[in-house]
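Everything on this sheet refers to the single structure shown next.
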Amino acid sequence: MCITMELEINRPMKRNKKPAPRPLTPNQKYSMYEAAVQDAQQHVDFFQKAGRELLGREPRILREDFCGTSLICAEWVKRDPQNTAFGLDLDPEPLAHGKKVHHSKLTKDQQNRIELFEQNVISKTKKADITVGCNFSFNIFEERATLVNYFKKVRESLVDGGLHILEAAGGPGMIEEMKEQKTLKKANGEKWFTYI
Ligand SMILES: C[S@@+](CC[C@H](N)C(=O)[O-])C[C@H]1O[C@@H](n2cnc3c(N)ncnc32)[C@H](O)[C@@H]1O
């Protein structure tokens with residue numbers, strides 16, 4: 001996962017020279033990433049609503065592609081005791097972080113309904129009602145043939161009538177130069193980090 005956020009705390013001061021930012025620990029990196037760009041509750045609200053409308057029943061099995069810290073899998077299994085989720089990601093670091101930080105907060109029953117696989121999303125897996133790819137992650141597939149191959153594998157991994165939901169970005173906001181800056185605070189009100 002490529003994240004460039006600078007911590008503004010505890011930086012050693014050097015005269016007249018901006019010090020290089022300290023490398024972030026996995027905990028700092030993923031918690032800041034999630035706070036800046038993820039809202040798992042909102043995503044899962046949408047997946048459930050779209051699933052009900054388009055499947056004509058309650059969606060139960062979720063495959064989270066490019067799952068990173070599997071925040072969405074964790075939210076999905078919390079919603080209903082019949083829900084199960086599995087996540088795929090190539091990188092063991094966010095997978096391990098998700099298990100440590102998110103799965104550990106779940107009940108034993110909820111934990112038993114999540115599986116994580118260190119695996120390419122271009123693979124046929126067990127069947128899901130819904131497969132999702134959030135935060136534009138599928139843009140990593142720059143060749144048409146690779147994207148088509150991904151879609152084929154997803155198709156083979158969906159139940160009949162299943163849904164593949166991709167979070168895409170487009171419109172003027174994507175081509176106009178702009179700067180968005182937001183300062184996030186900790187629970188105690190102290191400044192945490194600035195997201196630019
Ligand atoms: C931007 S992060 C997405 C994190 C989180 N799921 C979200 O929605 O914000 C992209 C993730 O995709 C993973 N990734 C990239 N290519 C992949 C592939 N071919 N198969 C599985 N995971 C992949 C990276 O390791 C990284 O964790």
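Quick note: the coordinates plus some simple rules give every number you see, no bench work behind them. Treat the numbers as computed from the prediction; the structure is a model and nothing was measured. FYI the Cβ positions are ideal-geometry reconstructions off the backbone, even for glycines, and counts take in every protein chain you see.
You can think of it this way: the chain between D39 and K100 has 20.0 nm of extra reach, that is 0.36 nm per residue less the Cα-Cα gap. Checking every one of the GluC sites (Glu not before Pro) in segment 85-159 against DSSP loop status and a limit of 10 other Cβ atoms within 10 Å picks out E142, E143.
Classify the chain: rounded, prolate or oblate, from the alpha-carbon gyration tensor (a ≥ b ≥ c, eigenvalue square roots; a/c under 1.5 rounded; otherwise prolate if a/b is larger than b/c)? Here the chain falls in the prolate category. If a spin label sat at a point 7 angstrom from the Cα of F136 along the line to its beta carbon, the backbone N atoms of segment 42-74 nearer than 18 Å would be those of 66-68.
Each of R144 and A20 was given a label point 7 Å from its Cα along the Cα-to-Cβ line. The distance between the two points is 4.3 nm.
Taken along the Cα-to-beta-carbon direction at a fixed 7 Å, the label points for E176 and E53 span 2.7 nm.
The H on the amide N of Y195, modeled in the peptide plane, is under 5 Å from the matching H of K182, T183, L184, each at least 5 residues off or on a different chain. Using a simple spin-label model with pseudo-atoms 7 Å out from Cα toward Cβ, K186 and F151 lie 4.7 nm apart. Taking a ≥ b ≥ c as the square roots of the Cα gyration tensor eigenvalues, segment 104-196 comes out oblate, since a/c reaches at least 1.5 and a/b does not exceed b/c.
Along segment 116-128 the Karplus relation, 6.51 cos²θ - 1.76 cosθ + 1.60 evaluated at θ = phi - 60°, assigns HN-Hα couplings of 10, 10, 7, 7, 5, 5, 7, 8, 7, 10, 4, 6, 10 Hz to successive residues, with x for each Gly and Pro.
Separation of the alpha carbons by more than 24 angstrom is noted, of K49/K127; K49/K108; K49/K182, for K49/K108; K49/K182.
Rounded to the nearest 500, the helix-only mean residue ellipticity at 222 nm of the chain stands at -10500 deg cm²/dmol, with each DSSP H run of n ≥ 4 adding -39,500 (n - 2.57). Sorted on the mean count of surrounding Cβ atoms within 10 Å across their residues, most packed first, peptides 160-171, 182-193 read 160-171, 182-193.
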